[in-house]
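Asks: I am attaching a structure below and will ask some questions about it afterwards.
Bear in mind that the values in this text are calculations on the coordinates, not laboratory data. Here the structure is a predicted model, which is why all the values come from computation and not from measurement. Quick reminder, even Gly has a Cβ in these numbers, built from the backbone with ideal geometry, and neighbours come from all protein chains shown.
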Amino acid sequence: MGLAWLVREFWLRPRPLSTDYPANMHLEVAQLHKQFDTPQGPLVALQDINLHVETGEFVCAVGASGSGKSTLLRLVAGLEMPTTGEITVDGQPVIGPGIDRGMVFQSYTLYPWMTVQENVEFGLKLQGIAARQRREEASRYLDVVGLAQFARSLPKELSGGMKQRVAIARALANHPKILLMDEPFGALDVQTKETMQQFLLDLWARLGISILMITHDVSEAVFLSERIYVMSARPGTIQKEVNIDLGRDRAYAIRRTPEFYHYCETIMDLLRGTATEPLSA
């Protein structure tokens, strides 16, 4: 499956622009297994993964390095194919990349020779969207992420947090059914990371989009999400699904509460393999 085929099949199909996110969305991962062939023999990265994301949910998968988190997200994005098992979005099997899934990487993946506006327009241009329409759509989402005044800037003129906002705007401009985020704030300094976490919560509340995010940062997962899938070390499996009952209106001060601390410590115990009491899911 070459890059040219993926672009032709999944990105160059013209489509009308929408101004709303879908009223209903259901992502299902069922009995997912991923194995890689290596010179040392088969390497099982993921085993018997079952998870789901519903309309407007913010869900995190958390695990240590080597637990297969990034592989899982690449499979959901259609950038890798499972060895066995199935991934569906609204009942349709995932067989490659598609505009129904927006992807945000840790490394921004912005084109350095393009302006901020052109970067956000890029996916729309590949789909054959008319120039005026894609300018309007890109401008709308630059405004949503608070960067309208930087539309003509180049990526090198932006801070790390601003670059990630551009990447988020580019993903949102395609009106995906679900936003997939791979350690999006992992490369940022602590202060910028905290600012971007609050920004993402505010954006999620305003737009109502479904989000599946992977992270190794337990406190980040607890702060952002409504549900967390705790993954084991390789081969990656789902140890536990944990509901985070902290409400949707969250600010940084919630991190100082006993409830927040309890969630973090219990999930850390699961990751360490030292959990002694069940956490209600």
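Asks: Reachable aspartates and glutamates from LYS177, Cα under 15 Å, same-chain residues fewer than 8 places away excluded?
Replies: Partners found: ASP20, GLU28, GLU54, GLU57, ASP90, ASP100.
Asks: Which translational diffusion coefficient, to the nearest whole µm²/s, is obtained for region 128-281 from the Stokes-Einstein equation, given a Kirkwood hydrodynamic radius over C-alpha pairs, 37 °C and 0.692 mPa s? List each step's numbers first, then the result.
Replies: Values: Rh = 17.3 Å.
Approximately 190 µm²/s, per Stokes-Einstein.
Asks: On to the next question. Using every pair of alpha-carbon atoms in region 189-244, split the distances into 5 Å bins beginning at 0 and state the percent of pairs per bin, rounded to integers.
Replies: 4, 15, 26, 24, 15, 11, 4, 0
Asks: Moving on. Please give the FRET efficiency for ALA251 paired with GLN40, using the beta carbon to beta carbon distance and R0 = 51 Å, rounded to the nearest 0.05. Walk me through the numbers before you get to the answer.
Replies: Details: r = 48 Å, r/R0 = 0.94.
Computed FRET efficiency for ALA251 and GLN40: 0.60.
Asks: On a C-alpha basis, how far is the centre of region 184-211 from the centre of region 72-123 in Å? Whole number, if you could?
Replies: After rounding, the separation between the Cα centres reads 19 Å.
Asks: Right, next: Could you list TRP204, TRP113 so that the one with the fewest beta carbons within 10 Å of its beta carbon is first and the one with the most is last? Each step should come with its number before you reach the end.
Replies: Details: TRP204 20, TRP113 10.
Least crowded to most crowded, the residues run TRP113, TRP204.
Asks: Mind jotting down a quarter of the surface of the convex hull over the alpha carbons of region 85-180, in square nanometres, one decimal? Before the final figure, lay out each step's value.
Replies: On the way: hull surface 26.9 nm².
Answer in nm², one decimal: 6.7.
Asks: Amide H of VAL104 versus every other amide H placed in the peptide plane: which residues, excluding those fewer than 5 positions away on the same chain, fall under 5 Å?
Replies: Answer set, sorted by chain and number: LEU180, MET181, ASP182.
Asks: ³J(HN,Hα) across region 58-68 via Karplus (A = 6.51, B = -1.76, C = 1.60, θ = phi - 60°), whole Hz, x for Gly/Pro?
Replies: So the J values, rounded to whole Hz, are 10, 10, 10, 10, 10, x, 6, 4, x, 7, x.
Asks: Tell me the net charge near ILE178. Cut-off is 12 Å between Cβ atoms, ILE178 excluded, with +1 for each Lys or Arg and -1 for each Asp or Glu. Kindly include the intermediate steps, with their values, before the conclusion.
Replies: Numbers: positive: ARG101, LYS177; negative: GLU28, GLU54, GLU57, ASP90, ASP100.
Cβ neighbours under 12 Å give a net charge of -3.
Asks: Here is a further query. Two-decimal Rg/Rh of the chain from alpha-carbon positions, Kirkwood Rh?
Replies: Working: Rg = 18.8 Å, Rh = 19.5 Å.
Ratio of gyration radius to Kirkwood radius: 0.96.
Asks: Divide, for region 20-62, the radius of gyration over alpha carbons by 2.2 N^0.38 Å, where N is the residue count.
Replies: That works out to 1.65 for region 20-62.
Asks: Output the antiparallel fraction of DSSP beta bridges having both residues in the chain, as a percent to the nearest 5.
Replies: Details: 22 of 41 bridges.
The answer is about 55 percent antiparallel.
Asks: Distance in nm between label sites at SER65 and HIS52, each 7 Å beyond Cα in the beta-carbon direction?
Replies: Modelled inter-label distance: 3.5 nm.
Asks: A follow-up question, please. Would you order ILE87, ILE95 from fewest to most other beta-carbon atoms within 10 Å of each residue's own beta-carbon? Write down the numbers at each step before the final one.
Replies: Working: ILE87 23, ILE95 12.
Ascending number of Cβ neighbours within 10 Å: ILE95, ILE87.
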